[in-house]
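What follows is a set of notes on a single structure, which appears directly below.
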Amino acid sequence: MTDRIVGALFFLLAVGYALEASRMQVGFLSDPLGPRPFPYIIAVLVGLSALWLLFKPDPEPDWPPRRFWPVLGLVLLSLVAYAYLIVPLGFIVTTTLEMTLLAVLFGARWWQGLGGALAFTLGIYLLFTQGLGVSLPAGRIFG
């Protein structure tokens, strides 16, 4: 039953996401394809996954043990904090902190998490800014 509940919630989320995507205004000077298809692609993929959960639920779903629930709650809270802090702190600082926290929560030592997070963050930053020409927030504290 839990798979069906999650499937129904995610299907409603996908429909709402698609409706919001239909309201998106695109600038005059965008390329022919533009950014409009990407939210629709996400909505379709989430919708298909939700339908799979609705019609092919796992007969014996395994929930994580209760001792992991605080960690999962902390992961959720950290991702919400990430969304709020990315503009004021910038992509590099916020992503490095988030990835370090996630690595530590999943068992890495803090210095291993920090090293991996910094390498990942700098690699993604260079890929997006230099390779794809996408600007990422530098942060208000850095100007």
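Going through the stretch 41-59 one residue at a time, which ones are outside any helix (DSSP H, G or I) and surrounded by 13 or more Cβ atoms within 10 Å (Cβ to Cβ)?
Applying the first criterion (outside any helix (DSSP H, G or I)) to the stretch 41-59 yields 56-59.
Selection gives Pro57 alone.
May I ask you to list the residues in the stretch 46-64 that are acidic (Asp, Glu) and under 22 Å from Ala21 (Cβ atoms)?
Correct list: empty.
Show the residue pairs that are 6+ apart or on different chains and have beta-carbon atoms under 8 Å apart, the first residue being within the stretch 124-143 and hydroxyl-bearing (Ser, Thr, Tyr), the second being assigned to a loop (DSSP other than H, G, I, E, B) and surrounded by 10 or more Cβ atoms within 10 Å (Cβ to Cβ).
Tyr125/Leu136; Thr129/Leu136
Looking only at the stretch 112-139, count how many residues are in contact with a helix residue (DSSP H, G or I) (Cβ under 7 Å, 6 or more places away or on another chain), surrounded by 14 or more Cβ atoms within 10 Å (Cβ to Cβ) and modelled with pLDDT under 90.
The total comes to 3.
So, Tyr40, is that one at pLDDT below 95 and farther than 30 Å from Leu19 by Cα or not? Even if it seems obvious, please write down each step before you answer.
Values: at pLDDT below 95: yes; farther than 30 Å from Leu19 by Cα: no.
It is false that Tyr40 is at pLDDT below 95 and farther than 30 Å from Leu19 by Cα.
The values are calculated or read from the model by the stated rules, or taken from the named source; none is laboratory data. Given the structure is predicted, the values throughout are model-derived calculations rather than measurements. Methodologically, a virtual Cβ is constructed for each residue, glycine included, from the backbone with ideal geometry; neighbour enumeration extends over all protein chains shown.
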